[in-house]
């Protein structure tokens, strides 16, 4: 059998996961307010997305000899996690767009959006609880524990980033950025999906450290590419607001690098511009700061680091994980996915 191209494979996984989720999410209710809640719970899951996280989970599950029947429920729970966490993230960041459409709080207001996110979180834990009937109590509890770790790491990373903005902290280093990314992005995007997929299929605990290293580097590479696309991507492909990170005052690696290279006057301009509340920022600063990042090579620097992190992830996979794969068909899929992380346009 020919090795499937991973994007086609992920589309297959996403279709399965989406169907599973929509069979689990409620639809109708006699009380209009609750019916609106159900509509809002289905909003983000119905928008087109990459299905990266459940795709990773199901890929590694198959790679270690597992079955979709065993992994599908957990993959769906992971996709629900992604959806409820970004509802809250969009509110915290003041983002206007999500997957090419108005963010949920823009459509329905912040209180209702927060509540819908909370309702999705409850549905996620409901699916994780159902694993006891699918995986058996022992494996179900292991998966439950991994979700707790993922949840904790992700909120820690988000809190670091929000704290930087709250405290108007600009004296940051590349290592500060990597520390934040490893928590905020890497755990729920790469580490937990890949490791849980293997875990469900019976991968040994002795591999967990390798999965963490693999996922940390891959997660940072993914976040760097996301930051780059936010500045120079195609809005139709990217699906988010171009330049939104600047308006939100995000401390990206590019901005951190820029601050170490620009003149004192330029640094003062950047800080003065970005420390203002979003609604008080002049949108023209997006072009001004973009020109500066190009002038000082900060975008090229971020691209080079993203590729370096992807290479490190590939090396960890090949040296420490690949030899334990029992289904050879998925080895190239995983390598192709690593390359995609730093080449994608969406």
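Quick check: is even one residue across the stretch 169-184 surrounded by fewer than 24 Cβ atoms within 10 Å (Cβ to Cβ), in contact with a helix residue (DSSP H, G or I) (Cβ under 6 Å, 6 or more places away or on another chain) and not in a helix (DSSP H, G or I)? The answer is yes, given that some residue of the stretch 169-184 is surrounded by fewer than 24 Cβ atoms within 10 Å (Cβ to Cβ), in contact with a helix residue (DSSP H, G or I) (Cβ under 6 Å, 6 or more places away or on another chain) and not in a helix (DSSP H, G or I). Just a yes or no: is a residue in the stretch 186-197 touching a helix residue (DSSP H, G or I) at 6+ places or on another chain (Cβ under 8 Å), assigned to a helix (DSSP H, G or I) and over 30 Å from residue 303 (Cα atoms)? Scanning the stretch 186-197 turns up no residue that is touching a helix residue (DSSP H, G or I) at 6+ places or on another chain (Cβ under 8 Å), assigned to a helix (DSSP H, G or I) and over 30 Å from residue 303 (Cα atoms).
Residue 60: buried (at least 22 other Cβ atoms within 10 Å of the Cβ), at pLDDT below 95 and either more than 19 Å from residue 328 (Cα to Cα) or under 19 Å from the mean Cα position of the chain (by Cα) (or both), yes or no? So residue 60 fails the test.
Can you find even one residue in the stretch 242-260 that is within 16 Å of the chain's Cα centre (by Cα) and at pLDDT below 85? Checked the stretch 242-260: at least one residue is within 16 Å of the chain's Cα centre (by Cα) and at pLDDT below 85. Here residue 76 fulfils each of the conditions (1) modelled with pLDDT under 95; (2) within 17 Å of the chain's Cα centre (by Cα) apart from (1).
The values are calculated or read from the model by the stated rules, or taken from the named source; none is laboratory data. Note that the coordinates shown come from a computational prediction; the quantities given were computed from them, not determined experimentally. Virtual Cβ from ideal backbone geometry, glycine too; neighbours counted across all protein chains shown.
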